[in-house]
Amino acid sequence: MMDAIAKEIEHRKNYLFGTADTNILDTIYFGGGTPSLLNASDFEIIFAALSLNYKWNPDTEITLECNPDDVTEEKLMLWKKYGVNRLSIGVQSFIDNHLLTMNRSHNAAMAIHAVELANKCGIENISIDLIYGLPDLSPADWQANLKTAEQLPINHISCYALTIEERTALSHFVKTKKINIPTDEIVITQFKELVDWAMNNNFDHYEISNFCRVGFHSRHNSNYWSGKNYIGIGPSAHSYNGHSRQWNIANNNAYIDSVTNSKPYFEAETLTQENKYNEYVMIHLRTKAGVDILQLQQQFGKEYTSHFEKKIAAYVTQNQVVVMQNNYALTMEGKLFADAIAGDCFVEV
């Protein structure tokens, strides 16, 4: 797998920039799957390939997603050796019975220890994720989760409502009524409590699911939300260069075989103007800044801008969208219906 990834890095070195002279990376992100399982020789292969084909600066954001049970002092020193300066730790909950429900291999004590150890080893930029809308997540439980997060040395938090994936144990338990998922009203209340907690603890709500202290927003994700180009390496990875989107084979063995033997290993689509407009609206409405109407007109012209203004007007009237200078941004109430509002502003493809 590492050899195939290294070969893909070489094969696609000009995807983002066109020429190697300008291949300066702003962010590097190890995510998807379980990158915290990589050992020293794996990192050596990947960074050797990156070094041959790209450049990056000392302040380039290098993030690694990790499970709490994979965080050891030895691993932290390894990650730091290769420049990792940001950790995204998959905590999900600080309550043991909820972690069991989600079939997680760590417990609350391990999650707390992972965060504290990472901080002790000199990684200042630490993000955790939490999930709300869990079965049997009481108001007291959710407040306890937030209180624990408040006491930890973190500067970023991502929070998501639980989604039930098909063909999982959790999906089976829900269908057979062994587990009851909360009502929409309960999920909305938990989200509002999260937003209040963030405000009271100086975390900026800069994207619907993301909160950070000043200077600690995720540069990698912010680049994505800004519509900048990105390249994805490895099975299932997606890439975007402003004109087209492509995605790699998902199956590990098929990916390795195809890359190693120079067979096609990805599919691609050329984005239409309608595609680009719809994505712009969807992504930007999720952010604190919202949709800049002048930028929208500059990129897509008067026809698309008029369409957007006509569609968004009803949500301004309903106080779900607020207009600040040239920006249309979701209010607290609007954030509860972000996907529906964005969808209503789309044009037909």
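Structure notes:
- Flag if S244 is surrounded by fewer than 16 Cβ atoms within 10 Å (Cβ to Cβ) and touching a Ser or Thr at 6+ places or on another chain (Cβ under 6 Å): yes
- Per-region count, segment 151-187, residues more than 21 Å from the chain's Cα centre (by Cα) and within 18 Å of A140 (Cβ to Cβ): 6
- Being over 21 Å from the mean Cα position of the chain (by Cα), surrounded by 16 or more Cβ atoms within 10 Å (Cβ to Cβ) and either at pLDDT 95 or above or assigned to a helix (DSSP H, G or I) (or both) is a description that does not apply to E44.
- From the options L64, L78, L50, residue that is in a helix (DSSP H, G or I), closer than 17 Å to E124 by Cα and either assigned by TED's automatic domain parsing to the domain that holds N107 or in contact with a Phe, Trp or Tyr (Cβ under 6 Å, 6 or more places away or on another chain) (or both): L78
- Residue match in segment 112-127 (condition: of a type in the set (A, V, I, L, M), surrounded by 17 or more Cβ atoms within 10 Å (Cβ to Cβ), without any contact (Cβ under 8 Å) to a residue 60 or more places away in the chain and closer than 28 Å to A4 by Cα): no
- Residues satisfying the stated conditions in segment 30-41, i.e. part of a helix (DSSP H, G or I) and either under 20 Å from the mean Cα position of the chain (by Cα) or among the acidic types (D, E) (or both): P35, S36, L37
- For segment 113-134, the set of residues classified as under 19 Å from Q92 (Cβ atoms) and in a loop (DSSP other than H, G, I, E, B) consists of G133, L134, listed by residue number.
- Exactly one residue out of L294, L285 is exposed (fewer than 14 other Cβ atoms within 10 Å of the Cβ), over 30 Å from K13 (Cβ atoms) and not small (G, A, S): that is L294.
- Listed by first and then second residue, the pairs linking a residue in segment 327-349 that is among the hydroxyl-bearing types (S, T, Y) to a residue that is surrounded by fewer than 18 Cβ atoms within 10 Å (Cβ to Cβ), with Cβ atoms under 8 Å apart and 6 or more places separating them unless they lie on different chains, are Y328/I293; Y328/V316; Y328/V322; T331/N319; T331/V322.
- Picking from residues in segment 131-148 that are under 19 Å from the mean Cα position of the chain (by Cα) and touching a residue at least 40 places away in the same chain (Cβ under 8 Å), the one that is nearest to R219 (Cα to Cα) is Y132.
- Tally, over segment 135-157, of residues that are part of a helix (DSSP H, G or I) and out of contact with any Asp or Glu (no Cβ under 9 Å at 6 or more places or on another chain): 8
- Residue in segment 83-104 that is over 20 Å from the mean Cα position of the chain (by Cα), hydrophobic (A, V, I, L, M, F, W, C) and part of a helix (DSSP H, G or I) present: yes
The values are calculated or read from the model by the stated rules, or taken from the named source; none is laboratory data. None of these values were measured; they are calculated from a predicted model. So basically every Cβ, Gly included, is an ideal-geometry build from the backbone, and we count neighbours across all protein chains shown.
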